[in-house]
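Chemist: One structure follows; several queries about it will come next.
The values are calculated or read from the model by the stated rules, or taken from the named source; none is laboratory data. A quick note: this is a predicted structure, and the numbers were derived from the prediction, not measured. Because the Cβ atoms are built from the backbone with ideal geometry, glycine has one as well, and the counts that use them run over all protein chains shown.
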Amino acid sequence: MEFKRPKIALIGGGQIGGVLSQLCALRELGDVVMFDIVEDMPQGKQLDIAEASRVDGFDVELKGTNDYADIEGADICIVTAGLPRKPGMSRDDLLTTNSNIIKDVGENIKKYAPNSHVIVISNPLDAMVTLMQKTTGFAPEKVYGQAGVLDSSRFATFIAWELGVAVKDVNAMVLGGHGDTMVPLVRYANVNGVPVMEQLVRKYGDEAKAKEVMDAMVERTKKAGGEVVALLKKGSAFYSPASSAIQMAEAVLKDEKRVLPVCALLQGEFGVENYYVGVPVVLGKDGIEKIVELELNDEEQGMFDHSVNAVKGLIEDMGRLGFM
Ligand code: APR
């Protein structure tokens, strides 16, 4: 039997790509190849991270490259390649630009890492994952997107701050598409099993006030990406998206069977046929091993359907632009 370290390919060595590589190294998840079209930059980042190996005590290989052949045999590819929206650029322009990039990335992954799993982070997320699956032709269980882990982490963080409890004791989940229509599941949010709403009512002694506080946390969660963008002035969130994707990669590489909200292809589950949407899944060595269905009440189902419709609109736009 041949033993080898897992090989992780990062496609895109920008802000998120850099943090991804450092986290892979710190956790010794495997050898990391970082690909980018910008000459020398991925080589420089990987050298920089590698030169901390003595200090941080990790032993993995880190390589930067501008040649797709170097991702050969990767077990997991994490894709952040793409351009951010620039002033004056329409939504369609951005969709066209990033779709062309994802097509190119997908074709190269198919060629050099045909047995890999692909985790997509590039935005607009739901559309880019759909295109990645179509381009690679990989089984849908092996092509999925990161959005829900981060959106849920944001929601949990706000709840923990509000209740003054450890964030690791907060369970909160966000479903749906990765955009303003995402659905933070208020009714299921809990602190070690105790419903968050119950605790808010206890804290404020008033149901209306508790609802007002929860509504504000839900709104902040939906707009959390924009809040970071507004503060950074340049670029978008990168630490938290990287951590979230690493949690997913780790679940796969260590066959953890984690139950995480992931952008997955629905084939009848939640009443949705053939669209990528954020739902809870079991994530293990085979990728999406199971989609975890749950009871939604009418209000939640309504919000979920609204979110699915937003994803459908995005996919229609991709079709109109000739990518579907
Ligand atoms: N192939 C490979 N890499 C590419 C390509 C391409 N065709 N085109 C651009 N890139 C690279 C850029 O050179 C850049 O280094 O993708 C990288 C993107 O990095 P950043 O611009 O720093 O963006 P980042 O903050 O990392 O976010 C990446 O994730 O969350 C999403 O909205 C975000 O779509 C964005 C993506």
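Chemist: Among the numbered conditions (1) farther than 18 Å from Met303 by Cα; (2) modelled with pLDDT of 95 or more; (3) not polar (S, T, N, Q), tell me where Gly225 comes up short.
Modeler: Gly225 satisfies every listed condition except (2).
Chemist: Right, something else. Would you mention how many residues in the range 109-134 are part of a loop (DSSP other than H, G, I, E, B), at pLDDT 95 or above and over 19 Å from Gln247 (Cα atoms)?
Modeler: 3
Chemist: Further, regarding this structure: Anything in the range 295-308 that is under 21 Å from the mean Cα position of the chain (by Cα) and touching a residue at least 60 places away in the same chain (Cβ under 8 Å)? List them, or say none.
Modeler: Of the residues in the range 295-308, the ones under 21 Å from the mean Cα position of the chain (by Cα) are 303-308.
If the condition is that a residue be under 21 Å from the mean Cα position of the chain (by Cα) and touching a residue at least 60 places away in the same chain (Cβ under 8 Å), then Met303, Phe304, His306, Ser307, Val308 are the ones that fit.
Chemist: Residue by residue through the range 310-323, note down the ones that are over 18 Å from Thr135 (Cα atoms) and either of a type in the set (Gly, Ala, Ser) or without any contact (Cβ under 8 Å) to a residue 24 or more places away in the chain (or both).
Modeler: Residues satisfying the conditions are Ala310, Gly313.
Chemist: May I pose another question? Just to check your reading of the model, which residue among Thr97, Thr130, Thr65 is farther than 20 Å from Arg27 by Cα, in contact (Cβ under 8 Å) with a residue 12 or more places away in the chain, surrounded by 17 or more Cβ atoms within 10 Å (Cβ to Cβ) and over 18 Å from the mean Cα position of the chain (by Cα)? Show your work before the answer.
Modeler: Working: Thr97 fails: surrounded by 17 or more Cβ atoms within 10 Å (Cβ to Cβ); Thr130 fails: over 18 Å from the mean Cα position of the chain (by Cα).
Of the residues listed, the single one that is farther than 20 Å from Arg27 by Cα, in contact (Cβ under 8 Å) with a residue 12 or more places away in the chain, surrounded by 17 or more Cβ atoms within 10 Å (Cβ to Cβ) and over 18 Å from the mean Cα position of the chain (by Cα) is Thr65.
Chemist: Can I ask one more? Do you know which residues across the range 258-279 are surrounded by 14 or more Cβ atoms within 10 Å (Cβ to Cβ) and outside any strand (DSSP E or B)?
Modeler: Filtering the range 258-279 for residues surrounded by 14 or more Cβ atoms within 10 Å (Cβ to Cβ) gives 258-266, 269-270, 272, 275-279.
Glu269, Phe270, Val272 - these are the residues of the range 258-279 that are surrounded by 14 or more Cβ atoms within 10 Å (Cβ to Cβ) and outside any strand (DSSP E or B).
Residues checked against (1) surrounded by 15 or more Cβ atoms within 10 Å (Cβ to Cβ); (2) more than 16 Å from the ligand (Cβ to nearest atom); (3) in a helix (DSSP H, G or I); (4) modelled with pLDDT under 95:
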site: Leu175; (1), (2), (3), (4): yes, yes, no, no
site: Arg202; (1), (2), (3), (4): no, yes, yes, no
site: Ala210; (1), (2), (3), (4): yes, yes, yes, no
site: Glu219; (1), (2), (3), (4): no, yes, yes, no
site: Ser243; (1), (2), (3), (4): yes, no, yes, no
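Chemist: Report, by residue number, each residue of the range 226-241 that is more than 8 Å from the ligand (Cβ to nearest atom) and in a helix (DSSP H, G or I).
Modeler: Filtering the range 226-241 down to residues more than 8 Å from the ligand (Cβ to nearest atom) leaves 226-234, 239-240.
Residues satisfying the conditions are Gly226, Glu227, Val228, Val229, Ala230, Leu231, Leu232, Tyr239, Ser240.
Chemist: Pick from Ala74, Ala139: which is modelled with pLDDT of 95 or more, among the small types (Gly, Ala, Ser) and touching a strand residue (DSSP E or B) at 6+ places or on another chain (Cβ under 7 Å)? Walk me through it before giving the result.
Modeler: Details: Ala139 fails: touching a strand residue (DSSP E or B) at 6+ places or on another chain (Cβ under 7 Å).
Selected residue: Ala74, the only one of Ala74, Ala139 that is modelled with pLDDT of 95 or more, among the small types (Gly, Ala, Ser) and touching a strand residue (DSSP E or B) at 6+ places or on another chain (Cβ under 7 Å).
Chemist: I need the helices (runs of 4 or more DSSP H) fully contained in the range 1-84, keeping only those with at least 2 residues that are more than 11 Å from the ligand (Cβ to nearest atom), touching a Gly at 6+ places or on another chain (Cβ under 8 Å) and more than 17 Å from His117 (Cα to Cα). Break it down stepwise before answering.
Modeler: Values: elements: 15-26, 41-50, 53-56.
The qualifying helices (runs of 4 or more DSSP H) are 41-50.
Chemist: Could I ask something else about it? Are any residues in the range 90-108 within 13 Å of the ligand (Cβ to nearest atom) and either closer than 16 Å to Gln146 by Cβ or outside any helix (DSSP H, G or I) (or both), and if so, which ones?
Modeler: Residues satisfying the conditions are Asn98, Ile102, Val105.
Chemist: Listed residues Met182, Met214; which is touching an Asp or Glu at 6+ places or on another chain (Cβ under 9 Å) and farther than 22 Å from Val262 by Cα?
Modeler: On the way: Met182 fails: farther than 22 Å from Val262 by Cα.
Just one listed residue meets the conditions, Met214.
Chemist: Can you tell me which residue is modelled with the highest pLDDT among those in the range 228-241 that are farther than 16 Å from Val118 by Cα, touching a helix residue (DSSP H, G or I) at 6+ places or on another chain (Cβ under 6 Å) and not aromatic (Phe, Trp, Tyr)?
Modeler: Residues of the range 228-241 farther than 16 Å from Val118 by Cα: 228-240.
Retained after the next criterion (residues that are touching a helix residue (DSSP H, G or I) at 6+ places or on another chain (Cβ under 6 Å)): 235-240.
From what's left, not aromatic (Phe, Trp, Tyr): 235-237, 240.
Details: Gly235: 89, Ser236: 91, Ala237: 94, Ser240: 98.
Filtering the range 228-241 for residues that are farther than 16 Å from Val118 by Cα, touching a helix residue (DSSP H, G or I) at 6+ places or on another chain (Cβ under 6 Å) and not aromatic (Phe, Trp, Tyr), the one modelled with the highest pLDDT comes out as Ser240.
Chemist: Then there is this: Among the numbered criteria (1) away from the ligand (no atom under 11 Å from the Cβ); (2) surrounded by fewer than 23 Cβ atoms within 10 Å (Cβ to Cβ); (3) more than 18 Å from Met248 (Cα to Cα), which single criterion is violated by Asn115?
Modeler: (3)
Chemist: Further, regarding this structure: For the range 221-253, name all the residues that are within 22 Å of Thr181 (Cβ to Cβ) and over 10 Å from the mean Cα position of the chain (by Cα).
Modeler: Correct list: Thr221, Lys222, Lys223, Ala224, Gly225, Gly226, Glu227, Val228, Val229, Ala230, Ser236, Ala237.
Chemist: From Asp151, Asp180, which residue is acidic (Asp, Glu) and part of a helix (DSSP H, G or I)?
Modeler: On the way: Asp180 fails: part of a helix (DSSP H, G or I).
Only one candidate qualifies: Asp151.
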